[in-house]
Amino acid sequence: MSAAPAYGEDKGGSAGPGEPEYGHDPASGGIFSSDYKRHDDLKEMLDTNKDSLKLEAMKRIVAMIARGKNASDLFPAVVKNVACKNIEVKKLVYVYLVRYAEEQQDLALLSISTFQRGLKDPNQLIRASALRVLSSIRVPIIVPIMMLAIKEAASDMSPYVRKTAAHAIPKLYSLDSDQKDQLIEVIEKLLADKTTLVAGSVVMAFEEVCPERIDLIHKNYRKLCNLLIDVEEWGQVVIISMLTRYARTQFLSPTQNESLLEENPEKAFYGSEEDEAKGPGSEEATTAALPARKPYVMDPDHRLLLRNKPLLQSRSAAVVMAVAQLYFHLAPKAEVGVIAKALVRLLRSHSEVQYVVLQNVATMSIKRRGMFEPYLKSFYIRSTDPTQIKILKLEVLTNLANETNIPTVLREFQTYIRSMDKDFVAATIQAIGRCATNIGRVRDTCLNGLVQLLSNRDELVVAESVVVIKKLLQMQPAQHGEIIKHLAKLTDNIQVPMARASILWLIGEYCEHVPKIAPDVLRKMAKSFTAEEDIVKLQVINLAAKLYLTNSKQTKLLTQYVLSLAKYDQNYDIRDRARFTRQLIVPSEQGALSRHAKKLFLAPKPAPVLESSFKDRDHFQLGSLSHLLNAKATGYQELPDWPEEAPDPSVRNVEEEDLSLIETHVGLLGEYTEVPEWTKCSNREKRKEKEKPFYSDSEGESGPTESADSDPESESASDSKSSSESGSGESSSESDSEDQEEEKGKSSESEQSEEESGKRKMKKRKKVAEGQGEGSSSDEGSDSSSSSSESERTSDTEEEQVEPDSWRKKTPPSSKSAPVAKEISLLDLEDFTPPSVQPVSPPTIVSTSLATDLEGLTLTDSPLVPSLLSPVSGVGRQELLHRVAGEGLAVDYTFSRQPFSGDPHMVSVHIHFSNSSETPIKGLHVGTPKLPPGISIQEFPEIESLAPGESATAVMGINFCDSTQVANFQLCTQTRQFYVSIQPPVGELMAPVFMSENEFKKEQGKLTGMSEITEKLTLPDTCRSDHIVVQKVTTVANLGRVPCGTSDEYRFAGRTLTSGSLVLLTLDARPTGAAQLTVNSEKMVIGTMLVKDVVQALTQ
């Protein structure tokens, strides 16, 4: 502020010593003129070619806006700088335009073309900023332009731009609600987005625009549940709130059949239709007498939503509160208790957070008292708590009080009454009254304590005690005549209107217990009638009427006097009451009511029920503003009731659609051919399906995003990449449909007939792809053979669950399947190479890393075969570049699990090249990668030439920085660049560690609390042998086996490659009951992902 006078002096704003002084009009004084000159200076700075001056000018302009000064006359000068190449200047220009665009609509329209150019900028930040400003211009005339911009941004390569498009949707909807149908189409498209960055924003847009369109959520429900843990905190809150309401419409109540199960648990759990059909007549009669409802079985999708329990450990109080309300509204009663500890932890936060949490705890504690009883001391009141926090804690303590803990609670209350905070003391007295009402055995104790408070020096304490005593006396009035007499004496001292009114009501209601005192009290009240408050006057009229009816000899004149005074009172309520009472009690010739006056005035009245003010709040969704206010707020969505019958769960099936025949390109000829689903199901695609539940396929979209920002050529390259990805995507979805068919119970004969039909398709496929070279054909052969072996192995596992001895029958190839395998091998060419994962029977797969331990543990009856000690590769070959997209160059990759020679912190990746074109490919190398922070790549040596039909393998190292982020890079030849990406499964980010049992237990003891993740699972019968358990775990994760003295417990250890953090895995496979999987690691995200992958591998 001190710069302004100096600036004015420089510009000659004040007169010198010898110059005349001129008077100024106050309306056009120095402030306005100096602003005008300063704005001229700013305009000059904005017109220069120097970015530093422009940036300084924009900073000063934004500072002026922040101070509340008007800078609208600079609008034309600022708009010109939208096209500035300096991003910092652009950002400040956008801030300015958002502020003034609505005020200066005509000038804002001049900049629309500039924003439209910004939407095409190669930099994703500029595209997003342009869209943000465009959507902030509240001008109805540009709605079509905004709609077009949002549609384009929704298809943008960058997830950040797509996120901004989702933010723009509610803004456009509030500007023009007629665009709702088009916006719903955009929302539907964005809901299908697989990146965590977009998920929260698009769900918020869905909630604002079309919350009733629940059909849009069906196919994205599972994806949202799986992505939830990786979405930003704001998005987590929005998604959880929406999914809570969705679940209430799609699943059955988990508490609906509890009473039925308690009455007849055996029938509910074990009864079946077959038992009913076979049973004799007496059993049939019993069955008919039972309710027809089936025992409750939780929908797997319902359980999927409840698996987000780790979010209770979030650093964000809003996320913890959202998960807590999710469990309260959706979880079975036995599982709701897990939220109590998390909510109690939030009570250590700021008072604002405490206030919201306590409001919700107060509501929960009414229905689920037992949940918070172990944490009773956490709700004790501190002297430093604000008043509103104290009152809420009192509410919770009163709700939690029961016959066991009431002595402790009352001792606390006794301490609180001595507080200097009068509002808090009044609330404590009310809480004592509620405890006395709810727990009969302490009623007399509480009443005596309250009577002692009547001698307190503080009038407010006495008044509140009188009000509570009045309510308690209504329960047992005959036993407490002395207390009523004691209260009558207080009418001379107590001046609080509510307390005086309560005493008068008690004396009038129970006047037969104090027949001598009541008329005297009426006499005193008649003297001071004109000076009393309105509420007291009304009770004096009531007292006079009741005494007139019971003791008219002593009180007739007093009653007439009081009614006469009331007849001319200023308050019309009192005047009306007096006229009404006179006509009711005074007998007259025409009045028939006077005969029934006693029944009206002295009718027995029910004792009041002292209830919590939070009793009926649970019909509002917990954690919402409406629940906090106890009133429906604008935009609040009601929490739906549970359905009587569960809606069709198949609406949430995405990959399980009928994909038996799909039109797809086969070969370089681009000819459309109908390909049956089984031909595309390969081992690597099965692995992709295993990885899918946690991170979905976000790499498919986020892969080429960052690289596309600054390089215009990336668009064409990404197009070619997307075509290859679409192929793999279709095949993974087809493998899903195959799994679904197998689950329905396919027999082995039908599988063999399917394989025979598959041979004919393979021959046809070979003809189409003829002339492409030997390499690609061998690739196809390996894929198809691994596909058939995988499907055969899957069906074996399923059949074994039905028939335990069938595993031994299926392990050696049967006489029927032998010629099939032979015929498939005849399709391959001379240089056929077997796939990286051999389809051998599970009991014989052993890892080298386990060799030493297995020898000591004698897990096998036969000695270890050296040829089978090659390292288990968790993931088979995965496609990096399809030969169609690569113009004849096909590239696959595998994680070798061998230490990378260049850097031990890097993951070793083997890249397999094959040339299926007719021309040699020269100069194969890695282009300049554009990687996220922390990720680095060690390139493989350049391959000078790859002849037609020739294959080559190179080794490269990638440091993923202990994360499953995608590594994007370019594969370059002399003529082309191909954008590719590699995303590692979490199990490939670690190396095995060998340690003793004692070392394992010692390290495990250090990694507890938040570093420990536990999951219960049910192991199938096929996964009970040591060999299969070890094979499945080491296939998923590159871990070393740790010796264990217990036969039913398995231990594995490893370290993350980059940071060297320990990862300890324990599987407690109990013979009966559920098994328990525990992962200890300070890397929480890695631990959570590893648990999901291992559980999925073991339960398949």
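The values are calculated or read from the model by the stated rules, or taken from the named source; none is laboratory data. Every value quoted in this text rests on a predicted model; they were computed, and no experiment measured them. Cβ coordinates were reconstructed from backbone atoms using ideal geometry, including for glycine residues, and neighbour counts include every protein chain displayed. For the accessible areas, the whole protein counts, side chains as well, though only heavy atoms, and no ligand, DNA or RNA atoms are used. Shrake-Rupley method; radii C 1.70, N 1.55, O 1.52, S 1.80 Å.
At-a-glance table
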| quantity | calculated |
| --- | --- |
| Scope segment 332-386; condition within 22 Å of the chain's Cα centre (by Cα), open to solvent by 50 Å² or more (accessible area, probe 1.4 Å) and over 21 Å from Gln621 (Cα atoms); matching residues | Arg345 |
| Filter result for Ala108 (among the hydrophobic types (A, V, I, L, M, F, W, C) and at pLDDT 85 or above) | no |
| Any hit, segment 459-469, residues being farther than 30 Å from Ser528 by Cα, assigned to a helix (DSSP H, G or I) and either out of contact with any strand residue (DSSP E or B) (no Cβ under 9 Å at 6 or more places or on another chain) or at pLDDT below 80 (or both) | no |
| Qualifying residue in segment 56-71 (condition: outside any helix (DSSP H, G or I), over 20 Å from Leu131 (Cβ atoms), aliphatic (A, V, I, L, M) and out of contact with any Pro (no Cβ under 7 Å at 6 or more places or on another chain)) | yes |
| Condition met for Ala436 (over 30 Å from Lys367 (Cβ atoms) and open to solvent by less than 10 Å² (accessible area, probe 1.4 Å)) | no |
| Residue check, Ile126 in contact (Cβ under 8 Å) with a residue 40 or more places away in the chain and surrounded by 21 or more Cβ atoms within 10 Å (Cβ to Cβ) | no |
| Qualifying residue in segment 607-622 (condition: within 22 Å of Arg213 (Cβ to Cβ) and either of a type in the set (Phe, Trp, Tyr) or at pLDDT 75 or above (or both)) | yes |
| Among (1) buried (at least 21 other Cβ atoms within 10 Å of the Cβ); (2) more than 30 Å from Gln1096 (Cβ to Cβ) - the single one Phe960 does not satisfy | (2) |
| All strands (runs of 3 or more DSSP E) inside segment 910-974 with 1 or more residues being at positive phi and polar (S, T, N, Q) | none |
| Tally, over segment 387-407, of residues that are loosely packed, with under 14 Cβ neighbours inside 10 Å and part of a helix (DSSP H, G or I) | 2 |
| Subset of segment 53-74 (residues that are out of contact with any His (no Cβ under 8 Å at 6 or more places or on another chain), loosely packed, with under 15 Cβ neighbours inside 10 Å and within 16 Å of Leu97 (Cβ to Cβ)) | Lys59, Ala66, Asn70, Ser72 |
| Failed item in (1) in contact with a Gly (Cβ under 9 Å, 6 or more places away or on another chain); (2) over 24 Å from Val609 (Cα atoms); (3) not in a helix (DSSP H, G or I), with Lys546 passing the rest | (3) |
| Neighbours by Cβ (under 8 Å, 6+ apart or cross-chain): first from segment 626-645, touching a residue at least 24 places away in the same chain (Cβ under 8 Å) and aliphatic (A, V, I, L, M); second part of a loop (DSSP other than H, G, I, E, B) and surrounded by 13 or more Cβ atoms within 10 Å (Cβ to Cβ) | Leu639/Phe620; Leu639/Gln621 |
| Qualifying residue in segment 1061-1074 (condition: farther than 29 Å from Pro300 by Cα and either among the charged types (D, E, K, R) or not in a strand (DSSP E or B) (or both)) | yes |
| Test: residue in segment 139-156 that is open to solvent by 50 Å² or more (accessible area, probe 1.4 Å), on the phi < 0 side of the Ramachandran plot, outside any loop (DSSP other than H, G, I, E, B) and β-branched (Val, Ile, Thr) | yes |
| Test for Leu931: is it farther than 17 Å from Thr1056 by Cβ and at pLDDT 85 or above | no |
| Given (1) under 32 Å from the mean Cα position of the chain (by Cα); (2) open to solvent by less than 30 Å² (accessible area, probe 1.4 Å), number of the condition Gly934 does not satisfy | (2) |
| Residue match in segment 478-485 (condition: at pLDDT below 80, in a loop (DSSP other than H, G, I, E, B) and either out of contact with any helix residue (DSSP H, G or I) (no Cβ under 9 Å at 6 or more places or on another chain) or within 18 Å of Glu611 (Cβ to Cβ) (or both)) | no |
| Residue count, segment 1011-1046 (criterion: open to solvent by 40 Å² or more (accessible area, probe 1.4 Å) and of a type in the set (Gly, Ala, Ser)) | 2 |
| Pairs where the first residue, in segment 545-560, is of a type in the set (Lys, Arg) and the second is open to solvent by less than 50 Å² (accessible area, probe 1.4 Å), C-beta under 8 Å, 6+ apart | Lys546/Gly508; Lys546/Glu509; Lys546/Cys511; Lys546/Phe601; Lys556/Tyr548 |
| Any hit, segment 999-1007, residues being small (Gly, Ala, Ser), under 14 Å from Arg1070 (Cα atoms) and not in a strand (DSSP E or B) | no |
| Any hit, segment 81-97, residues being more than 28 Å from Met64 (Cα to Cα) and either open to solvent by less than 10 Å² (accessible area, probe 1.4 Å) or at pLDDT 85 or above (or both) | no |
| Filter pass, Leu1090 being in contact with a helix residue (DSSP H, G or I) (Cβ under 8 Å, 6 or more places away or on another chain) and crowded, with 22+ Cβ neighbours inside 10 Å | yes |
| Those residues of segment 196-211 which are open to solvent by less than 10 Å² (accessible area, probe 1.4 Å) and under 13 Å from the mean Cα position of the chain (by Cα), in sequence order | Ala199, Gly200, Ser201, Val203 |
| Residues satisfying the stated conditions in segment 456-473, i.e. free of Cβ contacts under 8 Å to residues at least 60 places away in the same chain and within 18 Å of Leu506 (Cβ to Cβ) | Val462, Ala463, Glu464, Ser465, Val466, Val467, Val468, Ile469, Lys470, Leu472, Leu473 |
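Each row is one residue, and each column tells you yes or no for (1) in contact with a strand residue (DSSP E or B) (Cβ under 7 Å, 6 or more places away or on another chain); (2) β-branched (Val, Ile, Thr); (3) not in a loop (DSSP other than H, G, I, E, B).
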| residue | (1), (2), (3) |
| --- | --- |
| Lys599 | no, no, yes |
| Pro606 | no, no, no |
| Val609 | no, yes, no |
| Phe614 | no, no, no |
| Asp618 | no, no, yes |
| Gln621 | no, no, no |
| Ser626 | no, no, yes |
| Ala633 | no, no, no |
